Amino acid sequence: MVHGLGSALPSPDLLWEDDSPQGQRETEPAPASTKDVFRMHLYFRQEFPLENRQEEHWMQQPEHSSEKVTAHLSAPQLKPQLPGLEKAARESPSPSLPGTDAAVLAEAVTSKFIIFANRLSTQEQRGIIPAPNPQSPPGIVQVEAEDSYKTHLEAGFFPSWTEAFEVKELTAVEGQQARGATPQGKTCKPKTDIVFLKVHKSASSTVMNILFRFGETHNLTFAFPQGGGFQLYYPHHFLARFVQGFSPQSPRRFNILCHHMRFLQPEVQKVVPSSAVYFSILRNPVQLMESSFVYYKGASAFSRVRSLEEFLSQPYRYYNPASGDRHYARNLITFDFGFNPDGDASPERVQLMLNAIEASFDFVLISEYFDESMVLLKELLCWDLDSVVSFPLNTRDSSTKSTLPDWAVEKLKAWNRLDWEIYTHFNRTFWQRIERAVGRERMRRELRALRARRAELARTCLQGAGSVRPKDIKDSSLRPLQHGGARILGYNLKQGLEQELERTCRRLVTPELQYSSLLYKKQFPPPPAETPEPAASRQERAPRHRLETARN
């Protein structure tokens, strides 16, 4: 866990979180008493209108005791506070949502904490949650340091995919192992019910392509946005009614939910089976914000500055917490996971946010270690190698990338303190998961097979050595959306491929918007158009119609 950044991060005014695109709020009503307000900041900001600021729910420091801070209150202690959260949420509805939707959101937020409390209680009973280290700050669980097997935390960048395409060919034995239906030495059933939280600018488009291909080849259903859109009413918190084909009267369960959304688990659970596996992928917040600045240059916080360094030198001069697009400029990871990007970053509340993510997600991948992540994904979903092999999608031309000076990196970490805490925590637990699920030696073998298979497919499918600039993409249906100041790369397929091979190769390089549209039309085919009646038939009926009219 990274510490020492608090002094560089100004504390914002503590107001309720707002889902409104305009971000405007009326004055909040003062709470009646401590019991009426659940002050834990997860989906809403913390409020301090009360006299006793030492009393905290979920994280409690005894005033006159040497006892250590407990990680959380028990479920019986927690549940009496939950109605206060629901009440507060109902009294502070989002002005952008109808009253019924605000009520649904309030109920969902309350349900979220009940789920969280029950799961924490179960983990505590099983002894899963470790005791706090006396040397750690209050509420923070100490994690073992990374060893020499891992590269340094800040040294990870997206790999050079051109180099990845140049791996030597697979041997016969490696090829046979790579295409194995299940992880070596195990028998398991491939997971087909999946929730993927698509965090922005984190290699998530490539992961989405993997899920699209797996779902299409296995005839699975997707939770598409209403009307075939590409985002689930982002940046609003997700509601089940945003999904095409969902009805509260006869709930329909979908196999895969992977479009952009702002996470809210109780609503997600309404549209996917209870067996669903939840996972996400994170990117180093330094590179993520550099990418966001280029991609979302039109966002209000970035529109008046010439460089990211200029923004970071005086962020509050340009950043407006009430702006509906402010999340692109601060703690974008935190926002996508459903939390408040302007929230309190105290150690206690950070730990609770991490606990909440761990309670909701089965695992979290790291984009800087994309290949390792795909091996882990293959293992945990019990898929074969061809299901997780991919070509990078929605990547930028290197000419639009820039390296930040050291002072700007430190400013960026402080400005995105919540994102940094999330990333550093799950970077550590990522390697712990690999140790348990795969092991170092097998990871090395699996990585070699994955990279060799990607190189083999590149030689088979692609013209040239890899990705090309947008103007050089010959097939317009394979040209990715160009957005902001980014120049998004794409691919050219070889000509004359056999039909089935061409289909396989095309799936690998189809951009997410085009692929999503194709799958939506397949899952929700438009009604057949009525065939126009021939003119001769109309003429034959005309006398009969006139005769019937005359008789009447």
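The values are calculated or read from the model by the stated rules, or taken from the named source; none is laboratory data. Given the structure is predicted, the values throughout are model-derived calculations rather than measurements. Reconstructed Cβ throughout: ideal geometry from the backbone, glycine too, with neighbour counts over all protein chains shown. The area values use the complete protein model at the heavy-atom level, side chains included, leaving out ligands, DNA and RNA. Shrake-Rupley method; radii C 1.70, N 1.55, O 1.52, S 1.80 Å.
For the stretch 254-294, filtered to residues that are part of a helix (DSSP H, G or I) and among the hydrophobic types (A, V, I, L, M, F, W, C), the residue that is farthest from L404 (Cα to Cα) is V268. Filtering L376, L380 for residues that are open to solvent by 20 Å² or more (accessible area, probe 1.4 Å), among the aliphatic types (A, V, I, L, M) and touching a helix residue (DSSP H, G or I) at 6+ places or on another chain (Cβ under 9 Å) leaves a single hit, L380. State whether one or more residues within the stretch 302-316 are touching a strand residue (DSSP E or B) at 6+ places or on another chain (Cβ under 9 Å), open to solvent by 10 Å² or more (accessible area, probe 1.4 Å), more than 19 Å from A359 (Cα to Cα) and at pLDDT below 95. No, the stretch 302-316 has no match at all. The residue that is nearest to W420 (Cα to Cα), among those in the stretch 302-337 that are assigned to a loop (DSSP other than H, G, I, E, B) and touching a Pro at 6+ places or on another chain (Cβ under 8 Å), is N331. N331 meets each of the listed conditions (1) polar (S, T, N, Q); (2) closer than 28 Å to D397 by Cα; (3) more than 20 Å from the chain's Cα centre (by Cα); (4) surrounded by 18 or more Cβ atoms within 10 Å (Cβ to Cβ) apart from (3). The test for being in contact with a strand residue (DSSP E or B) (Cβ under 9 Å, 6 or more places away or on another chain), touching a residue at least 40 places away in the same chain (Cβ under 8 Å) and of a type in the set (V, I, T) does not hold for V243. Quick check: anything in the stretch 505-523 at pLDDT 55 or above, surrounded by fewer than 10 Cβ atoms within 10 Å (Cβ to Cβ) and of a type outside the set (S, T, Y)? No, every residue in the stretch 505-523 fails to be at pLDDT 55 or above, surrounded by fewer than 10 Cβ atoms within 10 Å (Cβ to Cβ) and of a type outside the set (S, T, Y). With respect to the stated conditions, A408 fails to be buried (at least 18 other Cβ atoms within 10 Å of the Cβ), out of contact with any Leu (no Cβ under 7 Å at 6 or more places or on another chain) and touching a residue at least 12 places away in the same chain (Cβ under 8 Å). Residues considered: N340, N394. Of these, the only one that is surrounded by 21 or more Cβ atoms within 10 Å (Cβ to Cβ), outside any helix (DSSP H, G or I) and in contact with a Ser or Thr (Cβ under 7 Å, 6 or more places away or on another chain) is N394.
Applying the selection to the stretch 206-237, what residues are among the small types (G, A, S) and surrounded by 21 or more Cβ atoms within 10 Å (Cβ to Cβ)? The one that is among the small types (G, A, S) and surrounded by 21 or more Cβ atoms within 10 Å (Cβ to Cβ): A223. Among the residues of the stretch 174-188, at least one is at pLDDT below 95 and among the acidic types (D, E).
Could you check, for the stretch 455-466, whether at least one of its residues is within 27 Å of the chain's Cα centre (by Cα) and modelled with pLDDT of 90 or more? No - not one qualifying residue is present in the stretch 455-466. Are there any pairs with C-beta distances below 6 angstrom linking a residue in the stretch 278-299 that is open to solvent by 10 Å² or more (accessible area, probe 1.4 Å) to a residue that is modelled with pLDDT under 90 and part of a helix (DSSP H, G or I), with the two at least 6 apart or on different chains, and if so which? As it stands, the answer is V294/T400, since those pairs meet every condition given. If the condition is being over 16 Å from L332 (Cα atoms), touching a helix residue (DSSP H, G or I) at 6+ places or on another chain (Cβ under 8 Å) and not basic (K, R), then the stretch 294-306 contributes only V305.
Is at least one residue of the stretch 344-356 modelled with pLDDT under 95 and either touching a His at 6+ places or on another chain (Cβ under 6 Å) or of a type in the set (K, R) (or both)? Yes, there is a match, as at least one residue in the stretch 344-356 is modelled with pLDDT under 95 and either touching a His at 6+ places or on another chain (Cβ under 6 Å) or of a type in the set (K, R) (or both).
Residue pairs whose Cβ atoms lie under 8 Å apart, sitting 6 or more positions apart in sequence or on different chains, and linking a residue in the stretch 261-274 that is over 17 Å from E358 (Cα atoms) to a partner that is of a type in the set (G, A, S) and crowded, with 23+ Cβ neighbours inside 10 Å, are E267/A108; V271/A223; V272/A223. Out of all the residues in the stretch 462-478, which are under 14 Å from P392 (Cα atoms) and either among the hydrophobic types (A, V, I, L, M, F, W, C) or surrounded by fewer than 14 Cβ atoms within 10 Å (Cβ to Cβ) (or both)? Residues satisfying the conditions are L462, A465, V468, R469, L478. The residue list R479, R433, R487 contains one member that is touching a strand residue (DSSP E or B) at 6+ places or on another chain (Cβ under 8 Å), of a type in the set (K, R) and under 18 Å from S202 (Cβ atoms), which is R433.
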